[in-house]
Structures are given as structure tokens and as C-alpha cells.
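Before any comments, here is the structure.
The values are calculated or read from the model by the stated rules, or taken from the named source; none is laboratory data. Model, not experiment: these values are computed from the prediction. Glycine also receives a Cβ, built like all others from the backbone with ideal geometry; neighbour counts cover every protein chain displayed. Side chains included, ligands, DNA and RNA excluded: accessible areas come from the protein's heavy atoms. Shrake-Rupley method; radii C 1.70, N 1.55, O 1.52, S 1.80 Å.
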Amino acid sequence: MIEQKINEFFGDAESTGLGTGWWSGILSAFLGFLSFGGVLCLHFPQLLSSPELRPHYPMHTMRVLIQCLIVGAILFGVISSILRKKKILALTGMLLAIAATALGGSSVPINETPHGGLAIGLDWFLLDLFLMALIYVPLERLWPQYPKQGTFRNEWTLDVVYFMSTHLPLQILSFLVLLPATQATKYLGVPVLQEFIARIPWLLQFFLAVVVADIAEYFIHLALHKVPFLWRFHAVHHSSKALDWIAGSRSHFVDDTLVRGFILAPLMLGFSQSIILAYLIFVTLHATWTHCNFGPNAKWLEKFLVMPRYHHWHHTSQKEGIDKNFAIHFPWIDKLFGTYYYPDVWPERYGLDGEEISPNFIGQTIEPFTKRKRTP
């Protein structure tokens, strides 16, 4: 219902191709939203910014970025308002940019000294949304496997809510919760193992960490499919009937916690904080990419690294692909354990096989805790 209202409010029957003012309107609204949020973070750093990131911000660069977002929102808004009859997207973007400017823009002084403690993490949400959209939306629009799917497909608002849910609420489930966890290597690490691994070249350490993490994730991923109680939570992730970069965000917090815990536990035993952090960045980018609506494939690479088509078969509701391709990074792990399936074609259907779950975020969050059996 909310998605329908949003589409009706911002959309129209005109063409959405390049040169029609549609994408300039989208960019105006998007950049205006980012700039307004960035200015709010400058005003309330203690409440809205993440303690783990504050010491590492190049503030001059961040202020320049906010100013560029404001200018971009206004510029694209003007272009859209000229090209398109319906002006709501352009007006939204320009109004957000004007509001950001009225609040002080990029020159807002930080009058308080932020310290540790609970925070909403709006800064990490905005940065991640900006970078992910900057990387993956152009790929999906230029080389889509399913051109008719579109950026604003059915249930896109639900996946935006999931994206927000892993970033905003006090960082409990966000990527940032894993950064403090790397400190545990000081207490959980095995000194002999750490010293041995430390003598290995850095790139080889990183590769070894990815292998260890992927094997660990394979088994927890398998359990999420095979143990009925755990499947209740993982079914949320598989409920998407269309995949793209943001669909991978649809995941129950219990599912997220289990997977991240199983990945981190073995890494903490022998790998340094820098290796663990590098892996977290890699898995974020690679896992997002494997969910993309992205058609091109590198034949030579797909034998060694999970590609979008490979992971899409894991999400199919077609019988032949169900409970296959559990590995996140390396297809050979599935070959080793007999769960490999990789035909030359793409899946025709996605989602759950004969199983229905709640269509909304609250229902999907609560429902797995109630008694519900997986359809045989």
C-alpha cells in the first residue's frame, strides 16, 4: 500500500528513459535526501554519527561532499523540471537541498565533542546508501539481465526498510557492530596461530581469511535451510520475487546475527584486525553484487568466484535449484560438498516454493518466532 502511494505520488505515465527528466528527478531527490541527512549529522554528531567512524572522517572532504550533493540536487532538479511535466521529484530534491542550505549547509560548525556511546548511525546509512547506489544502480541500468524489472520493482520499499534496519537502530545489526568485534582478536586469538599467519604475505592472509569465512558461512547457511526452526528466519531472505542490489538487504536480524557470528568466530582465532576489516569490506561489496540484476558474465572467472547468475540460482523457486549453491564466494566449496548447480541459463522464477510469509516488515520480523512449518 505504501509502495503504491509513493509510486502514484512521484510517478506518472510518461517515459522514464534518458532525456525525459525522470532520472534527473530521481537524482535530485536522492542527492537532496543525502545532503539534508548529512547536514543533520553535522548538527547532531553525538546522536546521529557513529562513534567508530568519527575519528576517521576527513572533515574537509566530507564538507565538500555535502556541498556537492546540495549543488547536484538543485542542478538535477532544474534539469528535471524543464524536461518533465510532473515536477514533484524535482521539487522534492530542490526543497531538501534548500532546507539543507538553510540549516547551514556544509559549513555547520561542530560545537560539541562527540564521545562514545549509543548512536543512531545515520552517517553510515547515508554513506553506504550513496556508495552502493553509485556502484550498482548504473550497472543494473546499463547491463540488466531482466530489463523489464526496473529499479523501482515490486517490494522495493520493503527492501529499503530492511536496508535502513541494518544501519540505523543503534548499530545493533549494522556493519559497524562488527568493527568493535574485531577488538576481540586481542582476547580470543590463538597467539601461535596468529604469529604463524602474520608471517604470510598480506594478500595471501586475506585470501585465506576469505576461504575460512566462506567455509564457515557454508555450514551455517546450510543449517539455515535444513533446520526447520532456522528456516523460518532465513525464509525472509528468500521471499524476494526479484533480485537486485538492494534485495540482498532483506534478512531477518536473527539470520544476520547467526551468519555474522559464525563468520567472525573462526576469523578471530588467527587473523589480525586489518585482515578482518578488509574481509568485511569485501563481503559487503561481493554479496551485494551477487544479488544484482546484472547480465554480463566472465566465463574464465565464474569457475573461481561466485557470480550473480550463480547466486541467483540459489534464490530460485524452481525445483532443480532449491537448496543449491550455498557458498558465498567460491563455487568449488559447493562442488566439494555436493550442492553445486550452475546451468548456462538464468532462473525464470524467484522466491519461496509454495510457502507464504507476511508481506510487510513487522510481520516478517515477528512471524518466524511463531510456529510455522516449511512446506515440503
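Overview of results
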read-out	value
Conditions (1) under 29 Å from SER165 (Cβ atoms); (2) among the small types (Gly, Ala, Ser); (3) touching a residue at least 12 places away in the same chain (Cβ under 8 Å); number of the one not met by GLY295	(1)
Yes/no for LEU27 being in contact (Cβ under 8 Å) with a residue 40 or more places away in the chain, under 19 Å from PHE152 (Cβ atoms) and either part of a loop (DSSP other than H, G, I, E, B) or open to solvent by 40 Å² or more (accessible area, probe 1.4 Å) (or both)	yes
Evaluation of PHE76 against (1) in contact with a Pro (Cβ under 7 Å, 6 or more places away or on another chain); (2) under 22 Å from GLY19 (Cα atoms) (one fails), failing number	(1)
Residue in the range 47-83 that is nearest to PHE125 (Cα to Cα), counting only those that are open to solvent by less than 40 Å² (accessible area, probe 1.4 Å) and among the β-branched types (Val, Ile, Thr)	ILE66
Residues within the range 319-364 that are at pLDDT 95 or above, open to solvent by less than 60 Å² (accessible area, probe 1.4 Å) and of a type in the set (Val, Ile, Thr), tallied	4
Given (1) touching a Ser or Thr at 6+ places or on another chain (Cβ under 9 Å); (2) open to solvent by less than 60 Å² (accessible area, probe 1.4 Å), index of the condition LEU301 fails	(1)
The range 104-115, residues that are surrounded by 17 or more Cβ atoms within 10 Å (Cβ to Cβ) and either closer than 16 Å to LEU34 by Cβ or hydrophobic (A, V, I, L, M, F, W, C) (or both)	GLY105, SER106, VAL108
Boolean, HIS221 is modelled with pLDDT of 95 or more, in contact with a Lys or Arg (Cβ under 9 Å, 6 or more places away or on another chain) and within 25 Å of GLY338 (Cα to Cα)	no
Single condition THR101 does not satisfy, out of (1) over 27 Å from ARG141 (Cα atoms); (2) in contact with a Leu (Cβ under 8 Å, 6 or more places away or on another chain); (3) surrounded by 15 or more Cβ atoms within 10 Å (Cβ to Cβ)	(2)
Residue in the range 323-338 that is in a loop (DSSP other than H, G, I, E, B) and among the charged types (D, E, K, R) present	yes
